[in-house]
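Trainee: Please see the structure below; I have some questions.
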């Protein structure tokens with residue numbers, strides 16, 4: 001493996017260090033990430049609400065606000081049409097809360113309903129049958145959140161019924177067909193939208209609409225001030241969860257949302273959120289990280305949509321009944337445990353499939369399409385996306401994971417999710433497969449599909465799965481990014497242990513929250529000495545302590561074995577002993593244990609000192 005160091009100490013980093021009074025190592029990291037002026041660095045290190053863009057910059061926003069306020073004034077029932085993941089449920093909660101508060105400001109009572117589709121019975125997207133039901137229930141205005149940008153048939157059905165439709169979404173529009181015919185379409189990614197930041201999640205687009213409606217109905221300047229200083233920041237708790245869970249880039253406005261929202265999460269006043277955080281073992285006495293959200297809070301929210309009914313999430317975050325909130329939170333917690341067990345069973349079957357493919361070089365040169373055909377137990381549709389992520393982590397290849405289901409008529413349909421790698425646009429890949437199949441057979445490959453570069457979802461007739469496998473493999477062989485002959489570990493910065501001062505750690509924490517497009521820095525320290533024998537933990541992982549001979553300072557840490565690196569095996573091969581010199585690549589982690597906490601390493605790579 002080739003170890004590459006990205007950041008260098010230059011005149012620019014020294015000048016930035018002096019200007020802002022920060023360690024030069026942190027200044028070098030900022031410069032490497034393009035934050036090479038004091039203003040850029042200050043904005044990055046100190047996120048504030050003032051850095052967020054006005055919602056009115058979004059195309060369609062003013063039209064949507066006018067229609068919603070007219071509906072509130074006329075006491076029209078409004079239906080929010082959401083989605084079953086974290087992004088869609090949070091978007092629903094934010095918009096419903098805002099519309100009811102706006103009605104209160106107008107001395108009115110709002111009739112705001114919502115619908116979260118059932119993943120298994122309805123699937124993704126706006127269903128025409130639900131629109132017909134809404135019409136029968138007296139609804140005349142439907143607002144989609146986190147869905148709808150490709151809902152052309154649903155938009156036509158809404159127009160036929162006499163329903164007004166407002167689409168709010170963040171997914172990429174269809175490049176050929178444009179956007180649905182609706183009263184308003186709010187999506188920063190639609191053609192002609194001047195909104196300067198394009199990477200918002202669906203809940204953030206919903207938040208922008210909520211903000212615009214609330215500001216438009218504020219009674220006076222004092223109410224507008226309270227709205228901006230108190231209510232809107234309180235929305236950022238849930239919005240940060242959605243932003244982190246949806247894996248959008250943590251840059252620009254998203255980073256502001258995540259940073260401010262994580263700080264707000266330390267005071268969860270709403271009963272449902274507080275109960276969920278307690279069950280997720282979130283310690284409110286220390287800072288809450290994107291890791292806490294992504295791996296503890298978000299999976300419990302997502303479990304409802306994967307395993308049961310996602311509308312429970314909306315009820316959890318809306319209810320003021322502490323007992324009901326606790327009951328719903330406990331249900332989500334148990335569903336997450338069920339999801340983990342279901343996922344583990346399916347993953348064992350997938351591991352067998354991957355072992356069977358291991359000797360087939362031709363198969364492993366292409367994207368993988370795995371399904372449960374022929375297996376005694378079907379995979380749960382709610383976990384196929386997670387399974388696809390696991391395959392990508394293990395194989396470093398794009399992957400689709402598919403489960404088959406029989407309907408009442410005895411026909412079989414297939415439902416799947418896909419995840420990709422850097423440089424391979426998965427939505428373009430399955431779109432090409434769909435179009436090619438249509439050209440050759442006269443009908444498309446899928447019933448429906450959608451997503452973006454890194455993740456897709458779809459359904460298709462089970463009989464089409466072999467064709468999908470063949471067409472995707474052929475496409476990926478032509479478009480797979482070329483791999484370097486020698487794998488490369490990209491380290492952000494080389495440093496010595498003497499640089500790990502209190503001011504360094506303080507500044508390092510300001511670089512967070514970490515996530516997509518704002519990765520946690522990887523540091524490299526060369527020629528450190530093992531000061532004690534390596535300790536094996538659970539037969540796979542290593543505990544080690546090393547000393548930097550240039551300053552005599554020591555640092556301990558864990559080397560966690562992963563899919564493509566087995567540290568215990570590497571240590572046996574190299575026969576490392578106390579006194580041996582190593583190069584070490586690591587992230588810095590803060591251990592919060594009250595007795596032996598402190599900063600330590602998460603070791604990513606080890607080698608004998610070069």
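Trainee: Could you check region 337-366 and list, in sequence order, the residues that are under 22 Å from the mean Cα position of the chain (by Cα) and surrounded by 15 or more Cβ atoms within 10 Å (Cβ to Cβ)?
Mentor: If the condition is that a residue be under 22 Å from the mean Cα position of the chain (by Cα) and surrounded by 15 or more Cβ atoms within 10 Å (Cβ to Cβ), then 338, 339, 342, 343, 347 are the ones that fit.
Trainee: Can you find even one residue in region 126-135 that is crowded, with 24+ Cβ neighbours inside 10 Å and either in contact (Cβ under 8 Å) with a residue 40 or more places away in the chain or under 23 Å from the mean Cα position of the chain (by Cα) (or both)?
Mentor: yes
Trainee: When you go through (1) assigned to a helix (DSSP H, G or I); (2) out of contact with any helix residue (DSSP H, G or I) (no Cβ under 6 Å at 6 or more places or on another chain); (3) under 30 Å from residue 412 (Cα atoms) one by one for residue 471, which number turns out not to apply?
Mentor: Every listed condition holds for residue 471 apart from (2).
Trainee: So residue 41 clears everything in (1) closer than 30 Å to residue 136 by Cβ; (2) within 26 Å of the chain's Cα centre (by Cα); (3) free of Cβ contacts under 8 Å to residues at least 60 places away in the same chain except one condition, right? Which one?
Mentor: Only one criterion in (1) closer than 30 Å to residue 136 by Cβ; (2) within 26 Å of the chain's Cα centre (by Cα); (3) free of Cβ contacts under 8 Å to residues at least 60 places away in the same chain is unmet by residue 41, namely (1).
Trainee: Can you pull out every residue in region 569-610 that is in a helix (DSSP H, G or I) and closer than 24 Å to residue 520 by Cβ?
Mentor: Keep residues of region 569-610 that are in a helix (DSSP H, G or I), which gives 569-574.
The one that is in a helix (DSSP H, G or I) and closer than 24 Å to residue 520 by Cβ: 570.
Trainee: Could I ask something else about it? Answer yes or no as to whether residue 308 is outside the structural domain of residue 448 (by TED's automatic domain parsing) and touching a helix residue (DSSP H, G or I) at 6+ places or on another chain (Cβ under 8 Å).
Mentor: It is true that residue 308 is outside the structural domain of residue 448 (by TED's automatic domain parsing) and touching a helix residue (DSSP H, G or I) at 6+ places or on another chain (Cβ under 8 Å).
Trainee: Six or more apart or on different chains, Cβ under 6 Å: which pairs go from a residue in region 146-158 that's farther than 19 Å from residue 203 by Cβ to one that's assigned to a helix (DSSP H, G or I) and at pLDDT 95 or above? Could you list them?
Mentor: 157/131; 158/131
Trainee: Search region 290-312 for residues being assigned to a helix (DSSP H, G or I) and over 17 Å from the mean Cα position of the chain (by Cα), and hand back the single one that is surrounded by the fewest Cβ atoms within 10 Å (Cβ to Cβ).
Mentor: Here the answer is 311.
Trainee: Another one. Identify the residue in region 104-114 that is buried (at least 19 other Cβ atoms within 10 Å of the Cβ) and free of Cβ contacts under 8 Å to residues at least 40 places away in the same chain and, among all such residues, is farthest from residue 382 (Cα to Cα).
Mentor: Looking at residues that are buried (at least 19 other Cβ atoms within 10 Å of the Cβ) and free of Cβ contacts under 8 Å to residues at least 40 places away in the same chain, I get 110.
The values are calculated or read from the model by the stated rules, or taken from the named source; none is laboratory data. Predicted model only: the values in this text are computed from it and were never measured. Ideal geometry is used to build each Cβ from the backbone, glycine not excepted, and the neighbour counts take in all protein chains shown.
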